[in-house]
Each structure stands twice: as structure tokens, then as C-alpha cells.
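The values are calculated or read from the model by the stated rules, or taken from the named source; none is laboratory data. Predicted model only: the values in this text are computed from it and were never measured. In this analysis, Cβ positions are derived from the backbone assuming ideal geometry, glycine residues included, and neighbour counts consider all displayed protein chains.
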Number of protein chains: 2
Amino acid sequence: MKLIVIGGNPAGLSAASAVRRAHPDWIIDVYEKGPYISYGSCGLPYYISGIIEDRDKLITITREQFLEKRNIPVHIYQEVLSVNFDEKIVKVKDINTNEIFEGAYDYLVIATGGKSKMRPEITLEHNHIFHVHTIEDADEVKNFLNGSGLKSGILIGAGYINLELVEAYKAQGINNLTIVGPRLIFRTKSQEYIKKELEKNGIKMVLGKYAKNLEIVSDKRLRVNFEDGESLEADFIQISIGVVPNTDIFEGTKLKMMNGAIVVDEYMRTNIENVFAAGDCATVYHQILKRNTYLPLAPAANKQGRIAGNVIAGNKVDPFFGIVGTSVWKVFDLYCGKTGITETEAKELGYETDSVLIESNEIAHYYPNRGNQFQLKMTTYLLFDVKTHHLLGAEITAPSPLGGKKIDVLATALAAKMKIEDIQKLDLSYAPPFAPVWDPILIAANVARKKCR
Amino acid sequence: MKLIVIGGNPAGLSAASAVRRAHPDWIIDVYEKGPYISYGSCGLPYYISGIIEDRDKLITITREQFLEKRNIPVHIYQEVLSVNFDEKIVKVKDINTNEIFEGAYDYLVIATGGKSKMRPEITLEHNHIFHVHTIEDADEVKNFLNGSGLKSGILIGAGYINLELVEAYKAQGINNLTIVGPRLIFRTKSQEYIKKELEKNGIKMVLGKYAKNLEIVSDKRLRVNFEDGESLEADFIQISIGVVPNTDIFEGTKLKMMNGAIVVDEYMRTNIENVFAAGDCATVYHQILKRNTYLPLAPAANKQGRIAGNVIAGNKVDPFFGIVGTSVWKVFDLYCGKTGITETEAKELGYETDSVLIESNEIAHYYPNRGNQFQLKMTTYLLFDVKTHHLLGAEITAPSPLGGKKIDVLATALAAKMKIEDIQKLDLSYAPPFAPVWDPILIAANVARKKCR
């Protein structure tokens, strides 16, 4: 049997590995367009900032190791141009030689990943405009910044990639930085804590505005024009307005997609027999939204890859009923997390919502905090249905990863469809270096319970 | 109406406060035997070590504040000698004046707390023998150690109080310290990581031995004799062999007790009408053991106090169906947690158990760890039933509180009666400063799943 995997990222490699473990004799080929395999793209901001000094550390496993340990060749600089699903043939271009060849498969795993979202109005060729999606992008930015003398930058997009990158650019000595975007991550008052943290670090914000277009002022100067007629100039522009599935080659084929994301079921099967998809090119079922969605994050991508591989391998495998929408990120010294759905989404689903946002200590008030700020409070936001008392969503901001990672308790509560009173009674751990005696999650649930009917 | 609360600890004060909020006109009296109210006894090791410099910080609220804010008088140095449940009368002794008086109640909350467990064979009067249960004990030890010239100590009992205290004694300049006890906390291989941490910090261990008796060598020297004939000498002895309910005054009364712990139901009602109990003097229902147990820990004590108060106040209140057995503690730079039941307990309940213990990174391997050790691994132990796949228990050791506090995710999974495959699919958060892309809990669940039928 022959397996072809498109994409040498963790999702694709997980799938390939699972198949190999079950079938030492199968022919497995992985085609990767770029020069690297299996790297932690979530680490790129920390590579640019210099927190991660050794670039090689970002790479989990090299091609050579993967071949030696798993007996799976990953062919780099090999771009898959198209797939003929009827003939079960993949057309590949060798980027170095421009040679085009074909490969036949019995099973296909599509793990082409995501790519930076682009808006034509703000797409411009200029070497002071950065996108950071791949390790090569990060190398480019890092090399460029090194001794560049750049003093100011505008970051278009106020999602977590730019919130992480702003710290990296500041660490590289750029002090005049502005984040612009229609809205900051978080839809609630939790947002204020991110704003405060950005302000404390001298980051400017232009929120509630939509970039209309970009203008070249000079070879070292750029301008952003907003729809309201105002504008902003800086030495460079960083654009991160989202991630979209990297699936252009499948447009117009019979492969079923949803807004560009390949639709998969609970076993990572697409609508075409023996064709699987996993990771940032695919949909993921959202347990709280109760529908397929697109949320390209590494944990689900890894789970999907693993399941696709196990299904192809013929192993007994549990279905994957998707995510609840959990993510965490760091904004300077503020550690943030969210899970579940937003108030707007909840109302669309017919829930009668209410919410609480409480401020509390992250650990016992008398124990010295390990964070950079002594005794900075953490915040816990809960969104719930006042009729059924079910938890619907949560947000956290905290002075250390300890507090931010508490979002996992609420993600677990969501997966278990817990009510607020179930959360109130959780037996969460306590000792002074770990938490206050009333864990912030319990305090928030106690307050929320009073708002339930 | 008149409420009497025996015990000025958080459980008793929570109950009193809940009643006061509902009934500004009730007469409420709190009798406390000692000089202090509402302090964090879990902070005592850190007060002795010097991590907490300001002793007043341990006290959450003072008598004066409690009277002013809640209009509840707490009478200190007032020891309750007995309760006449038929007449609804409490007999109290004023410790300062030796005066004895009586107080009548309509509702009674017993929150007498716990006390250090004593074994007659190792009970000896000597000012180099320490117990640390109250703030006065801690003051005494701290004052005594100050310039005492003590060079060696034996800590009898290898539970978490002594594991926390050994660090405190070392911080006070005592370098020759030995922990002795029949067994170290944790019943599994997780134990090895605690041993390593103790060794690394120069702490000796004499485990698997039972202290037979104590001997006075001189006024500054003591000896522990073990049952196997061996013995050990040191300048002082610290004893922490457990905590027992402080309920001697109720022995022989009609108040129902279980091994000294007052039996309460899900509304903190005892077997006697209008008599409630809460906190370390009471039983707590264990959801996984499926029976009442005694596990004196602050979070449940606080929850119980709050519920007792709300029931007495006549408020609508959700029943408290107890704990799952969660606790966390710190051993030098190792942050430990456990939840659920042990293998022995599981087998007694008829489960067919298996377990996994995995070592993994606490955060992304390339991100600098905030702990004292760069890149120390964390361990995750899961105990489960191979037939039904249900999680039964878990243990964690980690280089920072971030990893230790992950035990809460497993405590939540236990409360939700999750199976291993439910845990595998949890949407736990990921970003390099917070976790590896496969959260250690997911890795452990993936390994465990293969051991399930």
C-alpha cells in the first residue's frame, strides 16, 4: 500500500508516523514545499525576541532523524500542484529543479496547513512589510531588524499573533510601536487588562479602526490609511490579520470545503474515500458552537493528525468530537486564556446569557508571587446560561502562566457540560504557592451562581 | 434567634458571615479558644522559613475588623467545655479568668477544627520537641530556632506538613535534617521524584520504619528509637504524623461521629436538629471512594462553612457532594499534587486498575523555564479502571506551580466521571510559555488508553 502525505508539519508527520508504526512495509512519502519540517511555529515570536536563542531548538525533529527513526522520507522543496482524486495521483513540482512528476497513492493525507490571511487593499510589495508565518519569515524579519535602525512600527491586526510579536519587536529595540485593528482580542472587559499591559509597556493602540490601504512614503517609510480618513506612518508594518487554510490547489475539485477549510468528520475523513485531512487546512468540530468551524491551533492539529494516521493504519481509534475553543497567549507579563464561545455566539444559539468578571489573587495573598509583578491580580470571566446554568465560555488574564493555564479547568468543565453549581463544588487544589484558598474559578462561580435563575 | 459558632477559623467565620448577611438582627457569638481568628495555617511553614516576613499577613481578618464589618463578636480565649444538646446550651470557660458561663443557642455551628495527631509512645515533654499546628506553635518554633545553635533535626512523619517544614528548618540554617516515617507521601513511583528533590537539598530519609519511642539524651539532645532496634539522635524533633478532629468534648454525647469526625450530610447537618458542623472537625464525602472520609483541607472547610451558614440563614443553597481528594504541596523546588484514590483503595472498591507514569516537559522544550531548574521535567501519573476506562486517581510532580496546579484539570475530570478517552480529547491550551503542544495530561492519557481494554 502507498500513503502520500502533503505537508511536513506536525499534523502530517503524526499521521505518517502512526501508519508506519502499524505497517513497516508500506510506502510512505511526505511532500513538503518549504525547507523545514515539524517546527513549532508558535515559538516564532520568541525566536524573534531573542528569548529562544538557538533557532534549531524550534525544530522538533529533522528530516534526517525522521528518516532514521521512522523510516519515512520527507521530500522538501517539493510543492504539490494538484491532486487527481479519481486517478489517485498527486502532481508534484521540485522547486529547486522545476521538474514536475506524479505520485500514486492508496491513501492520501492532506496536511497543507494554514497561511497568513491577506487583504488585497493592504497587500503591497515592500521590504519593510512583514508577515510572520514560517520560520523563513522569522529569519527574514530577525535578520532585517538586526542593525536596521528602524525606530517605529505599525502592527495591523490585534489578535494574539501581533500581541506576541509586539513584545518581540520591542525586545529588538523598537520603541515606537502601534497596534491597529478593528478590535482587540477578547470581546469583554477582560480586554481592559490587555490594554493596561500594553500601555505599561509603551505600546500605542489604534482600535476600532479598519485599515483602508497602505502607501509607500519612501523606501524606508510606510503609511496606513484608515477608512475614517486618518492615517499613521512608521518605519515598518507587520500584518497579522488572521490565518486561512492553505488549500488553493483544491478549489474547484470535488473535495468538500467550508470557507476554504477541508471538511472532515470525527475520523478525519473527507468526502472522498481514502482521502483524509488534518490540521490547519481542515475544519474542526466545535462542541459548544455545535458545528464545524475553522480554528487553526496546534493541539487540535496534532490530535487530528494522530487520528487520521490511526484510522488509515486500521487501528482501533476513538472518534474526535472536536474542540471547545481553548487558547492561551502572553502579552508581555500578562498571561491570557480563553475557552468556549462569546456572548454574541451564545445569543445566536438561543442562550439567555449573563456573565461575571472577578479580580482576585493568583496565589495566597501573603506568598511572594513568582511573576514579574508582585501581587498583580488575575481576572476570571465566566459566560453562562441563566436558565440552564451551563457554562458557555471563559476568559482569564493573570500575572503568570500558572493563572493563565487555569483556563484548562474551564475547558474541561465545558467538555463535561458542567453547570455553574458543578464548578462551584470542584475540588480544586490549594496551598499558598499555588492558589488562594478560594481558587479564583470557585470565586467566579460563586458570584455567577447568584445570577442564575 | 441566636447562633453560636464554636471556633473562630475560616469554616466557622464563613458560616457566621452567611447568617449575618441574611439576618442583621440575629444574635451571633463566636467562641475561640486561642488568641487569633481566621488565619492561613497552610502558610505557617513559609512563615517559619522566612518567605513570609510579615506575620500579620497570615491573618485574613482581625477580630476588630470582623466585628466592624460583619457585626459579629468573636470571643477569644473562650474555651467551649461542653454542649448540652437537649437544653441547647453551651458551657464556656474564659481562659484568662477561669470563669465559667453558659450560652443558649437556637442554631449551633461546630467548627472546632483539627489538631495534631499524637501517639502516646512518642509523646514527651521537652522544649526541643515541636508540633506546628497553630500560629502560636509557629511563633514558638521560630523564636526558639533564632540563634539557638541547633544543628540537627529529625522530622517524624513523611506527609506534606513535614515536607514543607523541612524546607523551613533548612532555611533557618539547620543543615542536618532527617525525615523519618513508615512511608513517604505518594504510594507510587512519583515518590522517587520527591526523594530526588530531598536528596538534592541534602535532606536524609529513613523510610519504612516506625518510631517506637523517644528518649531524652540531654536537655539539648533527643533520640528516636525505631521498632527494628535502630535509633537516631538529633538536637530537635519535629512531629507531624497527621491531623485528627478536635472533638474530644463531644465524646460520649449523642452527636454522631466517625473516628472522631462529626458526621455531616450534604447540607452540613449533623444528626442533631439545628446543629451543624463544618471544616476540619467534620467528615467530608469522597466522591470517588463513595463514602464519608476525613481529609482536613482548607478548600472543603471553607465550602462547608459557607453552606452551613446559608442553610441556617434559610437561603437557597446547592448541596455539597464532597471532594475528589485533591491536594498540592511544595517540596523545595518540586511542586506536587494528587487527586482521586490510590491503587489500594481502587482495588478495595473492585476496580481492575492499571496506571501510567510519564515524564514530559512542563512547557515547550525551547522556552526558558521560570522554575529554579532549567528544563526539569514534570511527571504525570494516572490510575484508571481498564474495564470501564474511568479515571480513578492522579499524581503530579513538576518544576513550578504551573505544572503542579494541573492536578485541577484531573480533579475536574474526576468530578465529571471522565473516561481516559474523554481526557485524551480535552481541548487543553497551548502556547510555548504555558505547555508543550501535547499537554502532559494528554500524553499520559494517550499512553493510558493503550492499556485499557
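With respect to being of a type in the set (Phe, Trp, Tyr), within 30 Å of B:Asn175 (Cβ to Cβ) and either modelled with pLDDT of 95 or more or out of contact with any strand residue (DSSP E or B) (no Cβ under 9 Å at 6 or more places or on another chain) (or both), B:Tyr47 fits the description. Among B:Glu348, B:Glu395, which is within 14 Å of chain A (Cβ to nearest Cβ) and of a type in the set (Asp, Glu)? None of the other options fit; the residue is B:Glu395. Against the numbered list (1) without any contact (Cβ under 8 Å) to a residue 40 or more places away in the chain; (2) in a loop (DSSP other than H, G, I, E, B); (3) within 23 Å of the chain's Cα centre (by Cα), B:Lys195 comes up short only at (2).
The residue that is farthest from the other protein chains (Cβ to nearest Cβ), counting only those in the range B:419-435 that are touching a strand residue (DSSP E or B) at 6+ places or on another chain (Cβ under 6 Å) and either crowded, with 24+ Cβ neighbours inside 10 Å or in a loop (DSSP other than H, G, I, E, B) (or both), is B:Ile420. A single entry from A:Gly43, A:Gly50 fulfils the requirement of being outside the structural domain of A:Ala298 (by TED's automatic domain parsing) and either among the β-branched types (Val, Ile, Thr) or on the phi > 0 side of the Ramachandran plot (or both): A:Gly50.
Scanning the range A:52-70 for residues that are at pLDDT below 90 and in a helix (DSSP H, G or I) turns up A:Arg55, A:Asp56, A:Lys57, A:Leu58. For the range A:88-103, the condition holds for at least one residue, the condition being that it is hydrophobic (A, V, I, L, M, F, W, C), buried (at least 18 other Cβ atoms within 10 Å of the Cβ) and touching a residue at least 60 places away in the same chain (Cβ under 8 Å).
Scanning the range A:39-67 for residues that are farther than 19 Å from A:Leu165 by Cα and not charged (D, E, K, R), which turns out farthest from the other protein chains (Cβ to nearest Cβ)? My answer is A:Leu67. Do we have B:Ala138 as crowded, with 21+ Cβ neighbours inside 10 Å and in contact with a Phe, Trp or Tyr (Cβ under 6 Å, 6 or more places away or on another chain) here? When the stated conditions are applied, B:Ala138 passes them. In this structure, is B:Thr342 under 18 Å from the mean Cα position of the chain (by Cα), of a type outside the set (D, E, K, R) and more than 14 Å from chain A (Cβ to nearest Cβ)? Here the answer is yes, as B:Thr342 does meet what is asked. On the stretch given as the range A:13-28, residues that are in contact with a helix residue (DSSP H, G or I) (Cβ under 7 Å, 6 or more places away or on another chain) and not in a helix (DSSP H, G or I) total 3. Scanning the range A:29-51 for residues that are part of a loop (DSSP other than H, G, I, E, B) and surrounded by fewer than 21 Cβ atoms within 10 Å (Cβ to Cβ) yields A:Lys33, A:Gly34, A:Pro35, A:Tyr36, A:Gly50, A:Ile51. Would you check which residues across the range B:56-89 are in contact with a helix residue (DSSP H, G or I) (Cβ under 6 Å, 6 or more places away or on another chain) and more than 22 Å from B:Asp25 (Cα to Cα) and list them? Result: B:Leu58, B:Ser82. Taking the range A:329-351 as the range and being farther than 21 Å from A:Tyr46 by Cβ, of a type in the set (A, V, I, L, M, F, W, C) and buried (at least 17 other Cβ atoms within 10 Å of the Cβ) as the test, the residues that pass are A:Ile341, A:Ala346.
Screening B:His389 against (1) at negative phi; (2) surrounded by fewer than 24 Cβ atoms within 10 Å (Cβ to Cβ) leaves a single unmet condition, (1).
Of all residues in the range B:198-239, those satisfying the criterion of being of a type in the set (Val, Ile, Thr) and part of a strand (DSSP E or B) are B:Val206, B:Ile216, B:Val217, B:Val224, B:Ile237, B:Ile239. When the range B:284-308 is filtered for residues that are touching a Leu at 6+ places or on another chain (Cβ under 9 Å) and away from chain A (no Cβ under 13 Å), only B:Lys290 remains. Within the range B:1-28, restricting attention to residues that are within 14 Å of another protein chain (Cβ to nearest Cβ) and either among the hydrophobic types (A, V, I, L, M, F, W, C) or over 22 Å from B:Ile161 (Cβ atoms) (or both), the residue that is surrounded by the most Cβ atoms within 10 Å (Cβ to Cβ) is B:Ala11. From the list A:Tyr335, A:Tyr430, A:Tyr367, the lone residue that is closer than 30 Å to B:Val331 by Cα, of a type in the set (Phe, Trp, Tyr), touching a Cys at 6+ places or on another chain (Cβ under 9 Å) and outside the structural domain of A:Ala278 (by TED's automatic domain parsing) is A:Tyr430. Whether a residue is small (Gly, Ala, Ser) and either modelled with pLDDT under 95 or touching a Ser or Thr at 6+ places or on another chain (Cβ under 7 Å) (or both) was assessed, and A:Ser231 does not pass this test.
Need the failing condition index for A:Gly314 against (1) in contact with a strand residue (DSSP E or B) (Cβ under 8 Å, 6 or more places away or on another chain); (2) more than 11 Å from chain B (Cβ to nearest Cβ), just the number. Every listed condition holds for A:Gly314 apart from (1).
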